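The values are calculated or read from the model by the stated rules, or taken from the named source; none is laboratory data. Quick caveat, the model's predicted, so the values are computed rather than measured. Cβ coordinates were reconstructed from backbone atoms using ideal geometry, including for glycine residues, and neighbour counts include every protein chain displayed. Accessible surface areas use protein heavy atoms only, side chains included; no ligands, DNA or RNA. Shrake-Rupley method; radii C 1.70, N 1.55, O 1.52, S 1.80 Å.
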Amino acid sequence: MAPVVVLVGAPGCGKTTVGQALAATLGVEFRDTDTDIESMAGKPIPEIFIDEGEAHFRALERAAVAAALAAGTGVLALGGGAVLAEETRAALVGHRVVHLSVELPDAVKRVGLGAGRPLLAINPRATLKHLLDQRRPLYAEVATETVKTDGRTPAAVVAEIAALLPR
């Protein structure tokens, strides 16, 4: 079994909001690997970064993605940095992966000052620009489709993704 669709994209692209609405539209389960990581660790992601560091978080993330892909959940949202791991990119081959693309102005509006996002704690705008530049090619590498989210409502994005899925 495989997820109906896997959502990837930068912070602020709408993976959770769109994912939850898409799952409701399709009548399937929604799963977010960031939530899985927090459950595994027994604490919020910012605390994992502070207490154990980014390397430990990324190891938990790789395990969470592998488990979620194997479980075959309906709509699966991956954390923004999950695609940094080569083994995660390899695991996504053969899955329907939608890259929710977002440009810097919309991402900044949606993310705000990065509360609860450890990588955006210092100079959120510059850091977010760097993350977008670094990760955009990786999102493109794993994506079977790309859907632009800039200036669009979650409902419009959900409708576009739902139209891409086999009936």
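Each residue of the stretch 54-71 was assigned a 3J(HN,Hα) from its phi angle through the Karplus expression (A = 6.51, B = -1.76, C = 1.60, θ = phi - 60°), giving 5, 4, 5, 4, 5, 5, 4, 5, 4, 5, 5, 5, 4, 5, 5, 5, 5, 6 Hz with x at Gly and Pro.
Rounded to the nearest 500, the 222 nm mean residue ellipticity of the chain from helices alone is -16500 deg cm²/dmol, with -39,500 (n - 2.57) taken per DSSP H run of at least 4 residues. Amide H to amide H distances under 5 Å link Glu103 with Asp150, where only residues 5 or more positions off or on other chains count and H is placed in the peptide plane. Each of Met1, Met40 has its accessible area taken with a 1.4 Å probe; listed largest first, they run Met1, Met40.
Per-residue 3J(HN,Hα) values for the stretch 131-137, derived from phi via the Karplus relation 6.51 cos²θ - 1.76 cosθ + 1.60 with θ = phi - 60°, read 4, 4, 4, 5, 8, 3, x Hz in sequence order (x marks Gly and Pro). Dipole orientation for the chain: of the candidates Ile48, Gly80, Leu164, Leu164 has the Cα lying most toward the positive pole (charges on Cβ; Lys, Arg +1; Asp, Glu -1). Across the stretch 87-95, computed HN-Hα scalar couplings (Karplus, 6.51 cos²θ - 1.76 cosθ + 1.60, θ = phi - 60°) run 5, 5, 4, 5, 5, 7, 4, x, 9 Hz from first to last residue, x flagging Gly and Pro.
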